[in-house]
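Everything on this sheet refers to the single structure shown next.
The values are calculated or read from the model by the stated rules, or taken from the named source; none is laboratory data. Everything quoted here is computed from the prediction, not taken from an experiment. Cβ placement follows ideal geometry from the backbone for every residue including glycine, while neighbour counts extend to all protein chains displayed. Areas reflect the complete protein model, heavy atoms only, side chains present, ligands, DNA and RNA absent. Shrake-Rupley method; radii C 1.70, N 1.55, O 1.52, S 1.80 Å.
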Amino acid sequence: MLFGSHQRTPIRSADKEVASWTYTTCGYCSTGCAIEVGKNAQGQVVASRGVGGADVNRGKLCLKGMFEHELFEAPGRGSEPLLRRHRGEAFAPVTWDAALDHMAAEIRRIQGQYGRDAFAVVSTGQILTEEFYTLGKLTRGLIGTNNYDGNTTLCMASAVSGYKRSFGADGPPGCYEDFEHTHCLIAWGSNLPEQHPIIYWRLKEALEKRKFPLIVVDPRVTMFAQFADLHLPIRPGTDVVLQNALMHVILAEGLEDAAYIAANTTGIEALRAEVANWDPTTAAAVCGIDEDRIRTVARLYAKAPAAMHIWTMGINQSTHGSDGVVGMNNLALLTGNVGKPGGTALSITGQCNAMGTREWSSCSGLPGYRALENPEHRAEVGQFWNVDPEFFPKRRGLFQTDIFPAIETGQIKGLWLVATNPITSMPNTARIRKSLEQLEFLVVQDAYADMESNQYAHLYLPAAVWAEKEGTFTNTERRVNLVRQVTRPRAACKADLDIFNELAKRFDPEGRVRFPERPAEVFEEMKQLARGRPCDLSGMDHELIERQRGIQWPFTREQRARGEIPPAGGVRLYTAPRSFHHPEGRARLIPLPFVDNNEQPDAQYPFWLNSGRLVEHFHTRTRTGKVGNNNKYSPIPFVEINPDAAAELGIRHQEYVRCVSRRGDAVAMAMLTQRVPRDMVFIPFHFFDCVNRLTLGLLDPHSRQPAFKQAAVRLERVADQRAAARLCIEARQY
Ligand SMILES: Nc1nc2c(c(=O)[nH]1)N[C@H]1C(S)=C(S)[C@@H](COP(=O)(O)OP(=O)(O)OC[C@H]3O[C@@H](n4cnc5c(=O)[nH]c(N)nc54)[C@H](O)[C@@H]3O)O[C@H]1N2
Ligand SMILES: Nc1nc2c(c(=O)[nH]1)N[C@H]1C(S)=C(S)[C@@H](COP(=O)(O)OP(=O)(O)OC[C@H]3O[C@@H](n4cnc5c(=O)[nH]c(N)nc54)[C@H](O)[C@@H]3O)O[C@H]1N2
Ligand code: SF4
Ligand SMILES: [Mo]
């Protein structure tokens, strides 16, 4: 008998013979899991495991973290700096000194010839906070370009903008522990089990202990939607309409917390006037959610003793991204659900250190959530860095999504990409390609030489990756955690921090501005600028962070002096009355009129194009594309199509189809599934030359974040299936 019990042999994992474990923090998503990486007696990196005593993950890891140690020696890693004078020529290896001298000379040439802002810097959410801070000091204090931003504009910009509009400052007010106290959770545009598996596991644990309603708003039947009590399959881009209708019901039925509103907010009358227009019947016709269901959700939410929202890219990546965030904040404020256990509006962040860049990179301002527009902030930072405050611009420069068009128009001539791969991750990549080709000088600083944007570079700087370096990340719940160096940078790769420091010497040979060499020293410097700021971390240091397995900000020097041990979990913002950052400490209720401005499906392009992620892959696959346990389960691009729609078009499961939008076309394998409704297709964005050839990427007016998830396409069955298969399989193999 094939499956008889006598045939069973226990599965044994090979003994990795780990001799030592080093504490670190996962470098993929913003959950912030604490990881230990194991080395054998020969010093080879052989294993990863979750840290039991860490509050975030309590010993667990998802399938990305479990194999993270395989990254260091993965194919495609850079090994030495590479230079070519002209695009199209082959790269030639150069020394670090020659590479950085050339880079400094080119930056000076471009700035001298075309003006300071003609050289732009686009960074990331994936390097260490100490590195962000140092890059900010170099860019703002020495190079002096105002066209400095990050890929976080593709990701968290709407959350930042919405928090600032409502509460007067950025910073997610809640924490994972809120799951244990809430009585109702609404998740907007988030596929938590796949994209933040360990946050999902925390939620699931809370639900197993104590049942409360889980409501998922998503046009696609994601795994999260399958687990929900109520799934609201919203018409793409209309979340604000649903939010207005929920507020309408709450106010019409007197379910609001009048005392909280009176004590802590401004703007209730204007909000009331706007939501009066959005009775459930009117709203249902726009957002596609049944009117009675809207009433049910409004009552569940408002009557719960504590209720919370979480959200991710389904909200942020929209022309109403910032408004969608304000909508959740409005709902939370109307019902007194801010700053209390289980009552919050918690943005689920994306990249491992998207929070660190918001707090410390100076991308949109100056470090410690300071603003270029504020003269006191400019003076404070100028004095601290020993830089003339007049050298700083008086308002922020271009957003990342405006930098590429400015290259097209010739306003920007040089670009430095630090840990981001726009030729795959930006919308409408035909235009990105043109703009990269137009640059007089492109530097790519990346851990992998085979990332696609490098094809357009004049200079490639091989960076160390993740735990080849040391420093901190801040996660979704404002928890600062430590990455310890596990292994030396591979070949001639250098830590991003060292690259920034070396470049600083070229712009400041006499050492007027201090650039500490060690990450822990940089952290000490940041602490001085952190004092009194919302993101105060002056009570922390690298050792204490490791000992506590991460500490949430704020944690001040005074708290430390008083001997307060940072709690394992549960630090919230806005717990005290009128503690918001707008005048009088009041939060703002903001009316949200709705304009339907997306590209809509029509006769020529009859499908909504939705895009997002898979559990196995991280972004543009520079890392997960090389790890067997990730890549082999989703090796090629596919397009989810509803079986009824496919039948009409004569497309069968696993045939290749051509997806066409007004921008371009892309070939992918048909995946017939009920996950998508009949008028929608979904394509994962991880693959080069795929969905972003099709996306339109209209920008949110407040945050400049692109609407990656709303565009229109048509589908065609490809006649030559063999050629299509070759295109999909061969072209995408690492
Ligand atoms: N495995 C894995 N995990 C990751 C990442 C990864 O690449 N791979 N990336 C990390 C990063 S940087 C980020 S930003 C996060 C992203 O995490 P998520 O935002 O959870 O992931 P996405 O798949 O981009 O989008 C989520 C959902 O938004 C829905 N959506 C589309 N349009 C709308 C709409 O109009 N309204 C609503 N309500 N929903 C809509 C989509 O159907 C999709 O299911 O994941 C992080 N974690
Ligand atoms: N259609 C569509 N497009 C999208 C999205 C979507 O949902 N749909 N989501 C958007 C979102 S939310 C995001 S966050 C972006 C992500 O877009 P990108 O940031 O462009 O994608 P990544 O592949 O994460 O690129 C990060 C790069 O950093 C490198 N790297 C990793 N660690 C280090 C390091 O320590 N140092 C250095 N120097 N390099 C390092 C990696 O090798 C990789 O090349 O994509 C956006 N694009
Ligand atoms: S959930 Fe995120 S932080 Fe945790 S192991 Fe997975 S990828 Fe890493
Ligand atoms: Mo992201």
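Being more than 20 Å from residue 472 (Cα to Cα) and of a type in the set (Ser, Thr, Tyr) is true for just one of 129, 134, 139. Which residue is that?
Within the list 129, 134, 139, the selection yields 139.
Filter segment 517-534 down to residues that are closer than 20 Å to residue 497 by Cβ and part of a loop (DSSP other than H, G, I, E, B), then give me how many there are.
Residues meeting the conditions: 2.
Could you list, in sequence order, the residues of segment 121-137 that are within 16 Å of ligand 1 (Cβ to nearest atom) and either at pLDDT below 95 or assigned to a strand (DSSP E or B) (or both)?
122, 123
List pairs: first residue in segment 632-654 and open to solvent by less than 80 Å² (accessible area, probe 1.4 Å), second residue in a helix (DSSP H, G or I) anywhere in the structure, Cβ distance under 7 angstrom, at least six positions apart or on different chains.
These pairs meet every condition: 636/728; 636/729; 636/732; 637/728; 637/732.
Restricting the search to segment 11-31, which residues are within 16 Å of ligand 2 (Cβ to nearest atom) and not in a strand (DSSP E or B)?
Within segment 11-31, 26, 27, 28, 30, 31 meet the criteria.
Kindly check whether there is at least one residue in segment 181-194 that is away from ligand 1 (no atom under 13 Å from the Cβ), outside the structural domain of residue 709 (by TED's automatic domain parsing) and within 21 Å of residue 352 (Cα to Cα).
No, the conditions are met nowhere in segment 181-194.
List every residue pair whose Cβ atoms lie under 8 Å apart, where the two residues are 6 or more positions apart in sequence or sit on different chains, the first residue falls within segment 340-361 and is over 18 Å from residue 466 (Cα atoms) and open to solvent by 10 Å² or more (accessible area, probe 1.4 Å), and the second residue, located anywhere, is within 15 Å of ligand 4 (Cβ to nearest atom) and not in a strand (DSSP E or B).
Qualifying pairs under 8 Å: 358/152; 358/156; 358/160.
Give the number of residues within segment 680-709 that are under 18 Å from residue 645 (Cβ atoms) and either assigned to a strand (DSSP E or B) or within 13 Å of ligand 1 (Cβ to nearest atom) (or both).
5
Which residue is least open to solvent (accessible area, probe 1.4 Å), if the candidates are limited to segment 7-24 and must be among the β-branched types (Val, Ile, Thr) and under 18 Å from residue 68 (Cα atoms)?
Looking at residues that are among the β-branched types (Val, Ile, Thr) and under 18 Å from residue 68 (Cα atoms), I get 24.
Just need a number here: residues in segment 603-621 that are over 18 Å from residue 63 (Cβ atoms), out of contact with any Lys or Arg (no Cβ under 7 Å at 6 or more places or on another chain) and open to solvent by 30 Å² or more (accessible area, probe 1.4 Å).
Looking only at that region, the number is 1.
Kindly indicate whether any position in segment 117-132 is under 19 Å from residue 436 (Cβ atoms) and of a type in the set (S, T, N, Q).
yes
Sort out for me the helices (runs of 4 or more DSSP H) sitting completely within segment 180-245 that have 1 or more residues that are surrounded by fewer than 24 Cβ atoms within 10 Å (Cβ to Cβ) and within 16 Å of ligand 4 (Cβ to nearest atom).
Helices (runs of 4 or more DSSP H) meeting the threshold: 192-195, 197-209.
Could you check how many residues of segment 115-148 are within 13 Å of ligand 2 (Cβ to nearest atom) and open to solvent by 10 Å² or more (accessible area, probe 1.4 Å)?
Count: 1.
Do any residues in segment 506-527 that are farther than 10 Å from residue 134 by Cα have Cβ atoms under 7 Å from those of residues that are basic (Lys, Arg) and loosely packed, with under 15 Cβ neighbours inside 10 Å, where the two are at least six apart or on different chains, and which pairs are they?
none
State whether one or more residues within segment 610-631 are within 25 Å of the chain's Cα centre (by Cα), of a type in the set (D, E, K, R) and more than 29 Å from residue 311 (Cα to Cα).
yes
For segment 355-397, enumerate the residues that are in contact with a Leu (Cβ under 9 Å, 6 or more places away or on another chain), on the phi > 0 side of the Ramachandran plot and hydroxyl-bearing (Ser, Thr, Tyr).
The answer is 362, and nothing else.
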